[in-house]
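Asker: Once you've had a glance at the structure underneath, I'll fire off some questions.
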Amino acid sequence: MILPILLAALAVLVTLAYASVLDVRDRSVPVRVWYPLYVVGSIAVIWYLVTAPAGAGTVAGYAALIVTVIYGIELEAENGEVPGHVLALAVAATLLQGIAWGFLWNSLGPVAILGFIALAAALWKGLDLERRASRAGVELPPFQQWFRFWHIPLVIALQGVGWCGLFLAGNGGTGDLLLILVALYAELFLAFAAMNLFGGADAIAFICIALFVPVFPLEPVLGYPPLRFLPFSALTNAVILNLVTPLGFFLWNAVRGNRAPFPYTFFGYPVEGKAIEKSYGFVMEDFHEEGGELRRRFIPIGEALGRMVKGKGRIYTKHLREHPERFTRELALYRRAGVVWISYGVPFILPILAGFAVALFGGDLLFAAMSAVAGV
């Protein structure tokens, strides 16, 4: 039972390391980078479930969950296009879920056929909306726009509800509980990606950890946390390790005498306006001319978060570098300002890699800290 999860963990570590190099170097991680992990991780985790042993319905259900999540990732990456491999993923997801619930017919009864129909309808409706959205000049009604971005999380939620009902009815086992946790976790990060709260590579990284290494293959140095769900430990570790970066920037700004309102010195630093496109991050200030004078203000945190969620109004240095013709006005203002504050450009995938590695071998840092404080 240990070997397949160890294999999956090694595949995740190697992929995260390579993705981190690409993100640091190019500030971009192509979706194809994750393809080998999809294959190796799927084989490993299904191997683990078979040797656990889990029931045939659970194995098929987990396979359906993997395919559905990858379908969602690929669909978002295609920006409205529906290529053949995405269509094949939709077919595979519906068939696998039908098989899973077919095995569990005696337990789920009519819920199985109703759930399968709802799943198939949601996937195919989503594909139809993607096709329509890919046509130039077609504006979808508000509900269809909402459904277009949220049908994958809705489908995963449907799967989670089905497995949760089975588990609570007393007919499920440990494998079904694992399905519930992974489904909810994957749905959460797909939703974060849809709302632009996470970068695409960061969301995929967390999703792959959940799909392919849902449990600890070996007892970590700090021991098992109460919830032996490795993805949650990897997430909390990544957040804790990532807190070091803002503190470092605050101290660096203090030493260099860089002044800005609180809390901007924790999250950014000033760069030369004439060379801003050579830096990495997003612009933390707004500029405009008024009466021939240059006016500037730091973007309030709430407003900045709103722009991030909407995907509008936030200016990234990457876009200035790649499409300067679209930002001639902004670039002129930045050069006139002399110095512009931008966010730091450390990719979050680095603490994700570190958090996963620490969780895998060391354990859960948050639980260890809480245990130390409580004197356990």
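Asker: Suppose we look only past 17 Å in the calculated P(r) of segment 295-374. What percent of the Cα-Cα pairs does that tail hold?
Answerer: 67
Asker: Then there's this: Excluding same-chain residues fewer than 8 positions from residue 278, which aspartates and glutamates have a Cα within less than 13 Å of its Cα?
Answerer: Within the straight-line limit of under 13 Å, residue 278 reaches these aspartates and glutamates: 26, 322.
Asker: Stick to Cα atoms and the Kirkwood definition of Rh, then tell me Rg/Rh for segment 74-230.
Answerer: Reported Rg/Rh, Kirkwood definition of Rh: 1.01.
Asker: Can you tell me, using C-alpha contacts under 8 Å and at least 6 residues apart, the relative contact order of segment 221-376 as a whole percent?
Answerer: Computed value for segment 221-376: 43 percent relative contact order.
Asker: Reachable lysines from residue 274, Cα under 19 Å, same-chain residues fewer than 8 places away excluded?
Answerer: In chain and number order, the partners are 318.
Asker: Oh, and also: If I take every Cα pair under 8 Å that is 6 or more residues apart in the chain, average their sequence separation and divide by the length, what percent do I get for the relative contact order?
Answerer: Once normalised by length, the contact order is 19 percent.
Asker: I need the semi-axes of the equivalent ellipsoid of segment 221-376: take the C-alpha gyration tensor, multiply each eigenvalue by 5, square-root it, list largest first in whole angstrom.
Answerer: 39, 16, 13
Asker: Something else: If you average the C-alpha positions of segment 272-323 and of segment 175-230 separately, how far apart do those two centres end up, in angstrom?
Answerer: 33
Asker: Continuing with the same structure: Averaging sequence separations of C-alpha pairs under 8 Å and six or more residues apart, then dividing by the length of segment 2-215, give the relative contact order as a whole percent.
Answerer: Relative contact order here is 23 percent.
Asker: Return the Cα extents of segment 214-286 along principal axes one, two and three, sorted largest first, each rounded to a whole Å.
Answerer: Sorted from largest, the Cα extents of segment 214-286 read 52, 24, 19 Å.
Asker: Continuing with this model, one more query. Enumerate the calculated ³J(HN,Hα) couplings along segment 330-335 in order (Karplus 6.51 cos²θ - 1.76 cosθ + 1.60, θ = phi - 60°), each rounded to whole Hz, writing x wherever the residue is Gly or Pro.
Answerer: Calculated HN-Hα couplings, in order: 5, 4, 5, 5, 5, 5 Hz.
Asker: Would you kindly compute the Cα radius of gyration of the chain and its largest Cα-Cα separation (Dmax), both in Å?
Answerer: Just the Cα atoms of the chain yield Rg and Dmax of 23.1, 76 Å.
Asker: If you don't mind, another one. Rank by packing, highest mean first: peptides 152-165, 360-373, with packing defined as the count of other Cβ atoms within 10 Å averaged across residues.
Answerer: Result, highest mean Cβ count within 10 Å first: 152-165, 360-373.
Asker: When the Kirkwood hydrodynamic radius is evaluated over all pairs of different C-alpha atoms of segment 1-156, what value in angstrom, to one decimal, is obtained?
Answerer: 17.2
Asker: Hey, can you rank 207-215, 139-147, 263-271 by average C-beta count inside 10 Å, highest first?
Answerer: 207-215, 263-271, 139-147
Every number in this text was worked out from the coordinates using simple rules, so none of it is lab data. These figures come from a predicted structure and were not determined experimentally. All Cβ positions, even for glycine, are placed from backbone atoms using ideal geometry, and neighbour counts span all protein chains on display.
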